[in-house]
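Okay, structure first, notes after.
The values are calculated or read from the model by the stated rules, or taken from the named source; none is laboratory data. Just so you know, these numbers come straight off a predicted model, no measurement behind them. In this analysis, Cβ positions are derived from the backbone assuming ideal geometry, glycine residues included, and neighbour counts consider all displayed protein chains. Accessible surface is based on the protein model in full, side chains and every heavy atom, while ligands, DNA and RNA are left aside. Shrake-Rupley method; radii C 1.70, N 1.55, O 1.52, S 1.80 Å.
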Amino acid sequence: MVDVSLRQLELFAALPNFSTLSAAAAHLHISESALSQAITSLETAVGEQLCVRRKARGLTLTATGQQFARQARQIIADTQELVVGAGRGQELRGPVKLGCYSSFATNVVPELLEGFPKRHPGVTIEIMVGTNEELLSALEAGRLDVALVYDVSLPVGYRRRRIYATALQAHLHPDHPLAAAETVDLAELADEPYILYDATPGIRNVTDAFTARGLEPRIQAKVTQIILVEALVGRGLGYGLLMSRPNAVPMSIEGRPIVIRPFDPPVTVSHVVGIWPADMKLTPRASALLDFAAEKLGGYGSAEEDVVTG
């Protein structure tokens, strides 16, 4: 039997999160020499180099090392599930590390943090809010169990579960001529001053929408916060284009009213989904959290089959 300890696997599983051996050692509360020795022991057991440790103390995992780290994370997760599950019977117990895309976090996270612990009091939720890039990196490194993102421009290799449907909507000042209409045509806004929400993947949604109609927006300002888009719209400085969100209040942060109208024909219809790496198994706690999110935010997830994007 190969002489490899769970502690060695835990140490190596954490390495993708760090660019230097010293940073990894400090985070893991272990000396750099002890960490280096643990890596060397693993490489001896595997019979292949798992990482490159440079003189400048840079750290790079080999292709074999990257795969080894992913499998080590799964072994650790399975071990944790074994220990937690042994004493819980039918009750879910333990942590869920949830990531949420920043643009809709304020509309989604409060619902989950308030309701889910009431249904599963033995489960604790750890939240990370970030950009698509930050969330995907955290998922890949094993720092998150699952993340809620838009089903747009996602890389291959992830499973996904639908949570709720979403579509692009026009955000208008109450005095805007189109505010009295039930729906808006995108072409009617093309010549108006536009407050662009400058973030991925939202910016692609808008670009594709205008391009599909042979239109070009007249950008008044580019901002990276939705609350700032709504604040500028509330002051009548332009219109905004934002994806529909649950629990949205038609009012700016300054307390100024905003009129939200759907498009006809519809524009950029997609979904918010829960995603996780295809080579990792979703824990029962994370699966229950996604089911709860779908139930409370749209009912799209519990009956959906998980699919692999590549």
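In this simple spin-label approximation, Ser33 and Ala180 carry label points 7 Å from Cα along the Cα→Cβ vector, and these lie 8.2 nm apart.
As a rough guide to protection, the peptides 269-280, 245-256, 219-230 ranked by mean Cβ packing within 10 Å, highest first, stand as 269-280, 219-230, 245-256. Of the GluC sites (Glu not before Pro) found in the stretch 126-223, those in coil by DSSP whose Cβ has at most 10 other Cβ atoms within 10 Å are Glu182.
The distance separating the Cα centre of the stretch 96-120 from that of the stretch 161-207 comes to 25 Å. Inter-label distance, Glu134 to Arg218: 3.5 nm, where each label sits 7 Å from its Cα along the C-beta direction. Once the chain from Phe18 to Val156 is taken as fully extended at 0.36 nm per residue, the excess over their C-alpha distance is 47.3 nm.
For the stretch 29-81, trypsin sites (Lys or Arg not before Pro) are listed when DSSP marks them as loop and at most 14 other Cβ atoms sit within 10 Å of their Cβ; the list is Arg54, Lys55, Arg57. In the chain, the calculated helix contribution to ellipticity at 222 nm averages -11500 deg cm²/dmol per residue, counting -39,500 (n - 2.57) for every DSSP H run with n ≥ 4. Report for the stretch 185-310 the percent antiparallel among DSSP-assigned beta bridges with both residues inside it, nearest 5. Roughly 10 percent of the beta bridges in the stretch 185-310 run antiparallel, per DSSP.
Please report the antiparallel percentage of the DSSP beta bridges confined to the chain, to the nearest 5. DSSP beta bridges in the chain are roughly 60 percent antiparallel. Extents of the stretch 129-172, taken as max minus min of Cα coordinates on every principal axis and listed largest first, are 40, 19, 16 Å. For Cys100, the residues whose modelled amide H falls within less than 5 Å of its own, excluding neighbours fewer than 5 places apart on the same chain, are Met128, Val129, Gly130, Leu148.
When the alpha carbon gyration tensor of the stretch 190-310 is reduced to an equivalent ellipsoid, its three semi-axes come out at 32, 18, 13 angstrom, largest first. Summarising the label geometry, the points placed 7 Å from Cα in the beta-carbon direction at Ser41 and Gln225 lie 4.9 nm from one another. Residue separation of Ala190 and Arg54 scaled by 0.36 nm, minus their Cα-Cα distance, works out to 43.6 nm of gained length.
The overall shape of the stretch 52-198, judged from the alpha-carbon gyration tensor, is oblate: a/c is not under 1.5, and a/b is no greater than b/c. The Gln66 and Asn247 beta-carbon pair, evaluated with R₀ = 41 Å, returns a calculated FRET efficiency of approximately 0.55. Taking the inverse of the mean 1/r over every pair of distinct Cα atoms in the stretch 93-161 gives a Kirkwood hydrodynamic radius of 12.7 Å. Under 16 Å from a label point set 7 Å out along the Cα-to-Cβ vector of Arg256, the amide N atoms of the stretch 194-208 belong to 194-196.
In a fully extended conformation the segment linking Asp198 and Ser270 would gain 24.1 nm over its present Cα-Cα distance, using 0.36 nm per residue.
Computed over the stretch 146-235, the alpha-carbon pair-distance distribution with 10 angstrom bins reads 13, 42, 32, 11, 1, each value a whole percent. How high is the FRET efficiency from Ile75 to Ala26, r the C-beta distance, R0 22 Å, rounded to 0.05? The formula returns an efficiency of 0.35 here. Rounded to whole Å, the principal axis extents of the Cα atoms in the chain read 75, 50, 35, largest first.
For the stretch 17-75, the list of GluC sites (Glu not before Pro) that fall in a loop by DSSP and count at most 15 other C-beta atoms within 10 angstrom reads Glu48. The residues of the chain expose, per residue, 49 Å² of accessible area to a 1.4 Å probe. When each full DSSP H helix of the chain is screened for a Cα extent of at least 27 Å along its own axis and an average Kyte-Doolittle hydropathy of at least -1.0, the helices passing are 63-86.
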